[in-house]
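In what follows, a structure is listed as structure tokens, so that the remarks can point back to it.
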Amino acid sequence: MACSKYILTNTGSSIVNFSYQRCDDAMWEYQVELNPNQTKNIWLLNTTYSSAFSNSIVLVDLGVFPPVALSPTPTMYLTPTNTPTISVTPSITASQTQTQTQTPTPSITASQTQTQTPTNTPTNTATQTPTNTPSNTATNTQTPTNTPTPTQVRFAFTIYSGTTSNEACGQYNPTSTIYGDKAIFDENTIFYNVLSGPTTVDMTGYYNNSQTTIQLNSAGVTLGLFDLCVTLTPTPTQTNTPTNTPSNTATNTQTPSNTATNTQTPTNTPSNTPTNTQTPSNTATNTQTPTNTATPTPTFGYYTYSLGTGSTANLACADFSSAPNTIYGTVSGGIGPNVGEYLYFNTSLTTPVQNGYYSNGTAYYVVTGGLGQITSSDPNGC
């Protein structure tokens with residue numbers, strides 16, 4: 001398939017994304033992020049570019065890629081054709097044959113002695129010059145093949161592995177590292193145990209990265225969906241702070257036991273106790289200061305996604321092509337959509353999306369639980 005070079009510029013005020021299939025190795029790049037006023041050059045297989053933000057992305061098609069830089073090699077073949085023009089000697093032979101036509105066949109002896117000399121001259125120059133030229137062009141064509149290899153970059157992921165999903169989620173084994181072609185864990189379709197080259201071990205099993213699990217076969221290829229570990233649900237038991245508060249009140253209740261000994265000055269002790277109750281009010285003002293430190297974060301309050309929706313994966317994939325919806329994701333969930341991220345219908349992130357399937361045209365995501373959380377995904381589900 002032919003390739004082209006595109007120049008993409010984000011003229012909008014928010015982050016947009018696009019997908020395409022790379023020209024050099026035919027690998028897919030999904031949801032590539034383009035910041036406001038940012039410009040990127042991409043080299044892609046024709047007809048593989050897609051984006052839901054065509055109003056914000058200005059696309060300049062520079063045409064066929066690689067540029068007809070390979071055609072200079074054939075033009076070098078024109079040089080040999082110029083070199084044989086030195087074979088003016090054969091043209092002299094032509095003129096000599098004309099003189100022979102004037103003196104018919106009797107001068108055959110003279111023509112034979114003259115034709116043997118020019119035939120040696122062109123064959124030596126013509127055969128040696130062109131054969132050297134293609135050998136040079138061959139060395140030139142091998143140099144570009146070395147260029148794509150450094151562009152193969154893999155991303156490292158710290159994981160817990162196991163023979164079952166529960167074992168990987170339970171983090172029973174020590175951590176190790178695997179590598180993927182995509183920077184986001186649940187956008188990869190194959191993983192490796194080495195930073196470059198093919199996988200060297202049997203990768204069969206389940207792998208947990210940040211409570212997102214995936215099953216791999218022996219070659220590291222993903223099987224099934226990326227799933228959220230069920231151990232994430234009990235996490236809201238952060239009831240340590242409330243237990244500290246009653247312990248403080250317990251220390252305050254010990255002070256009245258001291259006041260019981262000073263029965264003659266009880267009127268002074270209650271007046272002191274309110275001053276102690278004001279100190280907690282000071283601590284309350286201190287707890288509000290961390291909320292002020294959180295205020296710089298809302299300068300970037302959410303991620304914007306264009307997703308198709310439906311009751312099945314196929315309907316969501318089709319809906320993305322016909323009438324995608326604008327969905328918002330939390331900043332804490334990272335650039336995605338990702339497994340574990342929460343999706344909302346509004347920018348204030350107060351109305352979660354409904355349970356069902358959501359798609360960006362390439363991957364699909366499954367939302368369950370009623371709170372808008374993505375619990376499964378398939379990066380190539382469409």
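The values are calculated or read from the model by the stated rules, or taken from the named source; none is laboratory data. Just so we're clear, the structure is a prediction, and the values are computed from it rather than from any experiment. Using ideal geometry, Cβ is built from the backbone for each residue, glycine included, and neighbour counts are taken over all protein chains shown. When the accessible area is computed, the model is the full protein with side chains, heavy atoms only, and any ligands, DNA or RNA have been set aside. Shrake-Rupley method; radii C 1.70, N 1.55, O 1.52, S 1.80 Å.
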Grab the strands (runs of 3 or more DSSP E) fully contained in region 296-374, keeping just those with 2 or more residues being among the hydrophobic types (A, V, I, L, M, F, W, C) and open to solvent by less than 30 Å² (accessible area, probe 1.4 Å).
-> 364-368
Please tell me if Thr11 is β-branched (Val, Ile, Thr) and touching a residue at least 40 places away in the same chain (Cβ under 8 Å).
-> yes
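How about region 50-62: which of its residues are open to solvent by 60 Å² or more (accessible area, probe 1.4 Å), assigned to a loop (DSSP other than H, G, I, E, B) and of a type outside the set (Gly, Ala, Ser)?
Looking only at region 50-62, we keep the residues that are open to solvent by 60 Å² or more (accessible area, probe 1.4 Å), and these are 54-55, 58-62.
Subsequent filtering for residues that are assigned to a loop (DSSP other than H, G, I, E, B) retains 54-55.
Within region 50-62, Asn55 is the sole residue that qualifies.
Yes/no matrix, rows are residues, columns are (1) surrounded by 15 or more Cβ atoms within 10 Å (Cβ to Cβ); (2) at pLDDT 90 or above; (3) in a loop (DSSP other than H, G, I, E, B); (4) of a type outside the set (Gly, Ala, Ser):
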{"residue": "Lys5", "(1), (2), (3), (4)": "yes, yes, no, yes"}
{"residue": "Ala26", "(1), (2), (3), (4)": "no, no, yes, no"}
{"residue": "Glu29", "(1), (2), (3), (4)": "yes, yes, no, yes"}
{"residue": "Val32", "(1), (2), (3), (4)": "no, yes, no, yes"}
{"residue": "Asn41", "(1), (2), (3), (4)": "no, yes, no, yes"}
{"residue": "Val64", "(1), (2), (3), (4)": "no, no, no, yes"}
{"residue": "Pro67", "(1), (2), (3), (4)": "no, no, yes, yes"}
{"residue": "Leu70", "(1), (2), (3), (4)": "no, no, yes, yes"}
{"residue": "Thr73", "(1), (2), (3), (4)": "yes, no, no, yes"}
